[in-house]
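Remarks on the structure that follows.
The values are calculated or read from the model by the stated rules, or taken from the named source; none is laboratory data. If you're wondering where the values come from, they're calculated on a predicted model, not measured in any experiment. We place every Cβ from the backbone using ideal geometry, glycine too, and count neighbours over all the protein chains shown.
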Ligand code: BGC
């Protein structure tokens, strides 16, 4: 099935048409900045521009940085508080005149990795962490997703983990890779103690620089960098939408 995958992040909105049986992009991805304040109307306009850019008239899958239940946003960490209670699926469908399906962005990225990437066929507990503007999580048990886990907001040393260990925290606080890696290590160790995962998959923008921080990590759990890199969110959003289209 061909679906337009869109990954809505706190900083950028990226999209590309995806062949969901193979998990491949059918065109080069297109990126637009997330509008200042990330309010619902402004983000919907960008989603519309994304569909127009690809002259898209079919189904669309969106990964969105919030708890999403049946298309409705139930949290707002790096986006406008106006999202809480907003049906993002309905809003984007109206804006694009296409059927739109919305899931949490980290869940989408995890689905791509577990279906086509480094998590394919891995049994047991797999925990994907996306490191970008925020910290996102996707938890899988024998390949099955437990949605909306939001483990980027667990407490590490009395702080919201995301505020100390995200890529934005590294940049804004001007941390060396080593200093930041130590924080990430504390975060991953906390997750390790809580979930005893069989595998950590690290994704998101920071992973491009994995050589700078992987050597400093001391967690015992196996760690693999996401195979799809920054495209995982696009591929996974399309994949999640294909499941919902097939269910109809
Ligand atoms: C949000 C999550 C999201 C993550 C990555 C967090 O701030 O609460 O829903 O998955 O950022 O974008």
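General remarks:
- Residue list for the stretch 161-173, filter: within 14 Å of the ligand (Cβ to nearest atom) and over 18 Å from the mean Cα position of the chain (by Cα): 164
- Filter pass, residue 44 being modelled with pLDDT of 95 or more and in contact with a strand residue (DSSP E or B) (Cβ under 6 Å, 6 or more places away or on another chain): no
- From 229, 236, residue being closer than 20 Å to residue 125 by Cβ and either within 13 Å of the ligand (Cβ to nearest atom) or at pLDDT below 95 (or both): 236
- Residue list for the stretch 210-248, restricted to those being assigned to a helix (DSSP H, G or I), touching a helix residue (DSSP H, G or I) at 6+ places or on another chain (Cβ under 7 Å) and free of Cβ contacts under 8 Å to residues at least 40 places away in the same chain: 212, 213, 216, 229
- Test: residue 18 is surrounded by 22 or more Cβ atoms within 10 Å (Cβ to Cβ) and either touching a strand residue (DSSP E or B) at 6+ places or on another chain (Cβ under 7 Å) or closer than 22 Å to residue 245 by Cα (or both): yes
- Complete set of residues in the stretch 70-85 that are in a loop (DSSP other than H, G, I, E, B) and more than 12 Å from the ligand (Cβ to nearest atom): 70, 71, 80, 85
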